[in-house]
2 protein chains.
Amino acid sequence: MHYPSAFSPVTNKMKSSLIRELVASTKNIPDLISFAGGFPAPATFPKEELAKIFQEVVSTEGSDVLQYGASEGDSILKRELLKWEGLELDPGQMLTTVGATNGLYLYGRALIEPGDVVLCEAPTFLGTLVVFDALEADIHSIPIDDEGIRMELLQAKVEELRRANKRIKFIYVIPDFHNPGGISYSLERRRELLAYCIEQNIAIVEDNPYSRLRFSGEALPTFLRLAQQEFDGSDVVTEVVSFSKILGPGLRVAYVKGNRELITKMVSWQQKVNITPDCVSQRVVSRFLEKGLMNPHISRICDHYRPYLNQMLQQLQLNMPDSVTWTKPEGGIFLWLTLPEGMNADELFVKARDKKVSFIPGSKFYPEGQEKFNTLRLNYTFSTMEQIETGVQRLASLIK
Amino acid sequence: MHYPSAFSPVTNKMKSSLIRELVASTKNIPDLISFAGGFPAPATFPKEELAKIFQEVVSTEGSDVLQYGASEGDSILKRELLKWEGLELDPGQMLTTVGATNGLYLYGRALIEPGDVVLCEAPTFLGTLVVFDALEADIHSIPIDDEGIRMELLQAKVEELRRANKRIKFIYVIPDFHNPGGISYSLERRRELLAYCIEQNIAIVEDNPYSRLRFSGEALPTFLRLAQQEFDGSDVVTEVVSFSKILGPGLRVAYVKGNRELITKMVSWQQKVNITPDCVSQRVVSRFLEKGLMNPHISRICDHYRPYLNQMLQQLQLNMPDSVTWTKPEGGIFLWLTLPEGMNADELFVKARDKKVSFIPGSKFYPEGQEKFNTLRLNYTFSTMEQIETGVQRLASLIK
């Protein structure tokens, strides 16, 4: 059997994650200091609490959670999530998914016809771009500034695409502690984007893995909440929330909230893709929430990460030349660093690897052909204080 | 936002599981005797062993299993699965999936271009048909007899499709304890189908949820094993094995074995669909296997189910008129019953529901337009001995 000749055309041309390949290229380097990944610190995993709850759930609710579950998600988990969020939503406006990627895949699957336009921020999370790309979307990116997507460029892009008779389906945004951009949308920009998308009939999908990892400052309402509160309960927004950064990515549990008809179609796709997320893990998350463990746990994670962010900001300040700038986030797990115009972070990556320090070149966070090369992403949650100091010093000396 | 107008065409025309709707239509009937579902008996779930292993795994391996895992699956689970199966396979020829449906979805995603022909048995498992249908396959079914698919009808169908210039991608088969057909392929028929598909360059995907649920008789080699042993290690077969019936469907863990290039493409799709199955559950299954608990547990399940199968066979024998026939399987969880020609099981379903007994009409297990109406599927693993007696009596009196 000659399989390659049997693969569907989209399978043959599909992109894999360049980030995965970059990380793999540094895998066997001993003593490497890595600012590359997006992994949470294992020290933040609530191992003992979860071990106890897993034992309890399987022992006392095993007949239920080891059985087939509902494709729309565990009803007990949905109840606890709505309580936790304090949202007035019907469970039919929510589904649970096998992590946020599964939620975004189902969303794309429900909406994208090959050739449809998907808008995104530049830069944006590559892991999501490859999902929409595999669904044969025509992806267009719009630059962000410190307050979010640049509205005048978005408007110009939408007009240009509409003149070309393109069908624009939705815009993908990461409003809080942007990956990789390290910014959060201002309240004003949130309102502007919402008003514009409602007017233009462009759906919004809001990726929210980080909003609860806030170490300082005031939280702003999510797009979903703002649409409910200030835009007559508009259902233009679908929000995808992940537990990967606040509980542990090995538990493949996330949830999606949005328009009921859309959620119904996503559930119908889930029946074909997975039947349901893992039922034991869903119930464990329910009980973790019900016991009131989630908020104190998130506070502990923030307390854990805060000094690492401060250390990285301080080391950058101490070591980088004036020509280099970077974001100063109040949470999340990434910084975005801008090198002098003309300097190439892809080349810097190779040199840095030789000096045993790594990061992700910014070019990897743009759709193909739309790359910016003088930027890079730094993660600070997976290194020690000493590694952050040494790693930033090494990078700074290479840049100088 | 008007979502329905934004849905992709395939989403709008996608079928949902009719079985789900049928089961839902009987949901609120008190004292219903249901032979409809495909649920394993909760009494067979190894709750206490699993509860203990969940606790151990999360407590001692939490830093690993709560972290992101590999898209191709947990390497420890793959090692234990290969040991358990006693197969000479490289881990690169295997991936773990979020249940068997996810494995079949990824397989279809890697191979099906809209309009490609997928062949299947008639009858076959509807849950898989809706997957291939959602991927826009052109599905054609070929009748089975007591030994498996009817080769002369398969050959005629393939010739007819090839004359019409159709591209045939693969055939979907359930060789052991067929759902819903209740038969197992004979060794001879296995060899014939394998030889034919290799000659015709038609891939085979083998769905294997039941082969280990054998209560009597001798096991035959799976298609995958037979291809390795008797057909020069041919990689024409991809086998999907589920833990749903031997451990618990709430744990969304299954695995797929096949050609390395195909598996690589399926892993690449998994990165877009789910990233990875639940890492905690994968490791729990690994430890369950490693501790040697699997085979004794499966023996206990078989001991549990055997009397229920015998009870159903005996009650059918005692109560059904001579014009009704049924399969006599040596394992699995279903029987297939054939009513006199001209009797309609869809109509019988409605009458039976009024008498508080349910089943799935056979017509639901055929691709659209290819239905046979005088058949029905009976499950015997989710009822008590008394319910089987009463339920079969009620059905028999309706048929008479």
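Brief remarks on what is shown
- Test set (1) at the interface with chain A (Cβ under 8 Å from one of its Cβ atoms); (2) hydrophobic (A, V, I, L, M, F, W, C); (3) more than 30 Å from A:Tyr105 (Cα to Cα) - B:Trp84 fails condition number: (1)
- Here B:Thr128 meets each of (1) within 14 Å of chain A (Cβ to nearest Cβ); (2) out of contact with any Cys (no Cβ under 8 Å at 6 or more places or on another chain); (3) over 21 Å from B:Glu199 (Cα atoms) with one exception, condition (2).
Here is a yes/no grid of residues against (1) part of a helix (DSSP H, G or I); (2) touching an Asp or Glu at 6+ places or on another chain (Cβ under 7 Å); (3) outside the structural domain of A:Phe215 (by TED's automatic domain parsing); (4) over 26 Å from A:Tyr305 (Cβ atoms):
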residue: A:Pro367; (1), (2), (3), (4): no, no, yes, yes
residue: A:Lys372; (1), (2), (3), (4): no, no, yes, yes
residue: A:Arg377; (1), (2), (3), (4): no, no, yes, no
residue: A:Glu386; (1), (2), (3), (4): yes, no, yes, no
residue: A:Glu389; (1), (2), (3), (4): yes, no, yes, no
residue: A:Leu395; (1), (2), (3), (4): yes, no, yes, no
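- Selection count, the stretch B:233-273, where residues are facing another protein chain (nearest Cβ under 7 Å) and part of a strand (DSSP E or B): 0
- Residue ID - nearest to B:Phe334 (Cα to Cα), chosen from residues in the stretch B:41-66 that are modelled with pLDDT of 95 or more and part of a loop (DSSP other than H, G, I, E, B): B:Phe45
- Count - residues of the stretch A:341-365 that are part of a loop (DSSP other than H, G, I, E, B) and surrounded by fewer than 23 Cβ atoms within 10 Å (Cβ to Cβ): 6
- Some residue of the stretch B:329-336 being part of a loop (DSSP other than H, G, I, E, B), within 14 Å of another protein chain (Cβ to nearest Cβ) and not acidic (Asp, Glu): yes
- Scanning the stretch A:34-43 finds one or more residues that are free of Cβ contacts under 8 Å to residues at least 40 places away in the same chain and over 30 Å from B:Lys169 (Cα atoms).
- Residue in the stretch B:270-284 that is over 16 Å from B:Asn379 (Cβ atoms), without any contact (Cβ under 8 Å) to a residue 12 or more places away in the chain and touching a Gly at 6+ places or on another chain (Cβ under 9 Å) present: yes
- Against the list (1) over 29 Å from A:Gln270 (Cβ atoms); (2) touching a strand residue (DSSP E or B) at 6+ places or on another chain (Cβ under 6 Å); (3) part of a helix (DSSP H, G or I), the condition B:Glu152 fails is (2).
- Test for A:Pro30: is it surrounded by fewer than 19 Cβ atoms within 10 Å (Cβ to Cβ) and either within 10 Å of chain B (Cβ to nearest Cβ) or part of a loop (DSSP other than H, G, I, E, B) (or both): yes
- Exclusive hit being closer than 25 Å to A:Pro361 by Cβ, of a type outside the set (Ser, Thr, Tyr) and touching a helix residue (DSSP H, G or I) at 6+ places or on another chain (Cβ under 7 Å), set A:Glu147, A:Glu121, A:Glu113, A:Glu136: A:Glu147
- Within the option set A:Pro307, A:Pro321, being modelled with pLDDT of 95 or more, under 25 Å from A:Ile33 (Cβ atoms) and part of a loop (DSSP other than H, G, I, E, B) holds for one residue only, A:Pro321.
- Restricted to the stretch B:274-285, and to residues there that are assigned to a helix (DSSP H, G or I) and over 22 Å from the mean Cα position of the chain (by Cα), the residue that is surrounded by the fewest Cβ atoms within 10 Å (Cβ to Cβ) is B:Arg283.
Conditions tested, residue by residue: (1) assigned to a loop (DSSP other than H, G, I, E, B); (2) hydroxyl-bearing (Ser, Thr, Tyr); (3) within 23 Å of B:Asn179 (Cα to Cα).
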residue: B:Leu129; (1), (2), (3): no, no, yes
residue: B:Phe132; (1), (2), (3): no, no, yes
residue: B:Ile139; (1), (2), (3): no, no, yes
residue: B:Arg162; (1), (2), (3): no, no, no
residue: B:Asn165; (1), (2), (3): yes, no, no
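- Some residue of the stretch A:205-217 being within 10 Å of another protein chain (Cβ to nearest Cβ) and either touching a helix residue (DSSP H, G or I) at 6+ places or on another chain (Cβ under 7 Å) or crowded, with 22+ Cβ neighbours inside 10 Å (or both): no
- Entry remark, the stretch A:83-111: residues being more than 21 Å from A:Pro249 (Cα to Cα), part of a helix (DSSP H, G or I) and of a type in the set (A, V, I, L, M, F, W, C) number 2 in total.
- When B:Glu61, B:Glu48 are screened for being within 13 Å of chain A (Cβ to nearest Cβ), of a type in the set (Asp, Glu), touching a helix residue (DSSP H, G or I) at 6+ places or on another chain (Cβ under 7 Å) and surrounded by fewer than 18 Cβ atoms within 10 Å (Cβ to Cβ), only B:Glu48 passes.
- In this structure, A:Ala164 does satisfy being more than 28 Å from A:Gly38 (Cα to Cα) and without any contact (Cβ under 8 Å) to a residue 24 or more places away in the chain.
The values are calculated or read from the model by the stated rules, or taken from the named source; none is laboratory data. If you're wondering where the values come from, they're calculated on a predicted model, not measured in any experiment. Reconstructed Cβ throughout: ideal geometry from the backbone, glycine too, with neighbour counts over all protein chains shown.
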